[in-house]
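*Asks:* Structure below; questions to follow.
The values are calculated or read from the model by the stated rules, or taken from the named source; none is laboratory data. Model, not experiment: these values are computed from the prediction. Here the Cβ positions follow ideal geometry from the backbone for every residue, glycine too, while neighbour counts run over all protein chains shown. Just so you know, the surface numbers come from the protein's heavy atoms only, side chains and all, with ligands and any DNA or RNA stripped out. Shrake-Rupley method; radii C 1.70, N 1.55, O 1.52, S 1.80 Å.
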Amino acid sequence: MGLEAAPPALPPKWASKPCIMGIDEAGRGPVLGPMVYGCLYCPRTYQKTLSTLNFADSKTLKEEKREELFEDLKADESIGWAVDVIDPRELSAKMLKRSKINLNEISHDSAIGLINKVLNLGVLLTEVYLDTVGDPEKYRVKLSERFPNIKFVVAKKADSLYPVVSGASIVAKVTRDRALRDWVLGETAEDLHRDFGSGYPGDPQTKKWLEDHKHSVFGFPTLVRFSWGTCTSYSKDFVEVLWEADVTDEDGNGRTSKRQLKLTKIGFTPQKRKTEDIESSGKGRCKFFQARKLELLPQF
């Protein structure tokens, strides 16, 4: 998944005129599914007309109304739009990597990506309105330094203040809803089902789905953002995994041996297991490799 849009074959006739853009997200809080950033852009002269199209914060609208408004804006030749669909696996991987990227940084990068995409289409953006992520002023300064020729307005609840952001909110929300509705579960367990509720951590149906679909070795289906703190409480029955490390330790007899890295060192907090249940202690190489005199080859 990634940046998607429905641009015309050629830039729209109004692309060379001063244009405004709104950016908003959907799915920041859920433990299931992608996070989606959406944008809507149009000529600045269309701003008054935009305010008559009944766009509103997507969270205040019923699903049927959101779908209707999304189809309306797609058919409007004076409006352009694009989305960035961020896969749950990508979110978790970035948040758990050694050099962690937090959710605010991921959000900022997504918004910047959308701005670049629209600029690359040849659209003359002069004003961009965004719902804040973190401190509004710091976010505005960051964007202004990156795009000095654009005026940025960063505000809390921007999706209820500016119609262009309300439209972006609808784009993002409908795209995420459809992504969840059409999500193809890649796992093949016989008891796998899609009754996962809203996907928010506090939803009892979502909690039950997580409990029913956890695996002691493989964790959760790829729909789950396993970096979310919500998942930690389900990991008490997970098998502890030990990894071979590239560094070597010296034991009391002056001999060196491979040291293994535990998942707890990179953010996972599984329940401690008894020594006899662990195939490899972490102080030496796995017995399987020792018995067969197998060694790691850094190059081959």
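*Asks:* Of all residues in the range 188-226, which are open to solvent by 60 Å² or more (accessible area, probe 1.4 Å) and of a type in the set (Asp, Glu)?
*Replies:* Once the filter is applied, which keeps residues that are open to solvent by 60 Å² or more (accessible area, probe 1.4 Å) and of a type in the set (Asp, Glu), the range 188-226 yields Glu190, Asp191, Asp195, Glu211, Asp212.
*Asks:* Could you please let me know if Pro30 is part of a loop (DSSP other than H, G, I, E, B) and open to solvent by less than 30 Å² (accessible area, probe 1.4 Å)?
*Replies:* The answer is yes for Pro30.
*Asks:* While we're here: When only residues in the range 144-165 that are more than 21 Å from Gly27 (Cβ to Cβ) and among the β-branched types (Val, Ile, Thr) count, which is least open to solvent (accessible area, probe 1.4 Å)?
*Replies:* Ile150
*Asks:* Can you work out which of the residues in the range 1-17 that are assigned to a loop (DSSP other than H, G, I, E, B) and open to solvent by 50 Å² or more (accessible area, probe 1.4 Å) is modelled with the highest pLDDT?
*Replies:* The qualifying residue modelled with the highest pLDDT is Lys17.
*Asks:* Within the set of pairs 6+ apart or on separate chains, which have a first residue in the range 199-228 that is within 27 Å of Lys97 (Cβ to Cβ) and modelled with pLDDT of 90 or more, a second that is part of a loop (DSSP other than H, G, I, E, B) and open to solvent by 20 Å² or more (accessible area, probe 1.4 Å), and C-beta atoms under 6 Å apart?
*Replies:* Thr206/Gly197
*Asks:* What do you reckon, is Val141 surrounded by 20 or more Cβ atoms within 10 Å (Cβ to Cβ) and either of a type in the set (A, V, I, L, M) or touching a residue at least 40 places away in the same chain (Cβ under 8 Å) (or both)?
*Replies:* So Val141 fails the test.
*Asks:* Quick one: how many residues across the range 199-226 are of a type in the set (A, V, I, L, M), within 17 Å of Arg181 (Cα to Cα) and in contact with a Ser or Thr (Cβ under 9 Å, 6 or more places away or on another chain)?
*Replies:* Counting residues in the range 199-226 that are of a type in the set (A, V, I, L, M), within 17 Å of Arg181 (Cα to Cα) and in contact with a Ser or Thr (Cβ under 9 Å, 6 or more places away or on another chain) gives 1.
*Asks:* Does the range 76-95 contain any residue that is touching a helix residue (DSSP H, G or I) at 6+ places or on another chain (Cβ under 8 Å), closer than 30 Å to Phe226 by Cα and free of Cβ contacts under 8 Å to residues at least 60 places away in the same chain?
*Replies:* Yes, some residue in the range 76-95 is touching a helix residue (DSSP H, G or I) at 6+ places or on another chain (Cβ under 8 Å), closer than 30 Å to Phe226 by Cα and free of Cβ contacts under 8 Å to residues at least 60 places away in the same chain.
*Asks:* Only one of these conditions is not met by Thr126: (1) in contact (Cβ under 8 Å) with a residue 40 or more places away in the chain; (2) open to solvent by less than 50 Å² (accessible area, probe 1.4 Å); (3) more than 21 Å from Lys48 (Cβ to Cβ). Which number is it?
*Replies:* Only one criterion is unmet by Thr126, namely (3).
*Asks:* I've got another one for you. Exactly one condition in (1) under 23 Å from Pro18 (Cβ atoms); (2) hydrophobic (A, V, I, L, M, F, W, C); (3) surrounded by 17 or more Cβ atoms within 10 Å (Cβ to Cβ) is not met by Val174; state its number.
*Replies:* Here Val174 clears every test but (1).
*Asks:* Any chance the range 124-147 includes a residue that's closer than 27 Å to Asp72 by Cα and part of a helix (DSSP H, G or I)?
*Replies:* First, pick out the residues of the range 124-147 that are closer than 27 Å to Asp72 by Cα: 124-132.
Checking the rest, the ones that are also part of a helix (DSSP H, G or I) come to none.
Within the range 124-147 (the criterion being closer than 27 Å to Asp72 by Cα and part of a helix (DSSP H, G or I)), the answer is no, since none of the residues qualifies.
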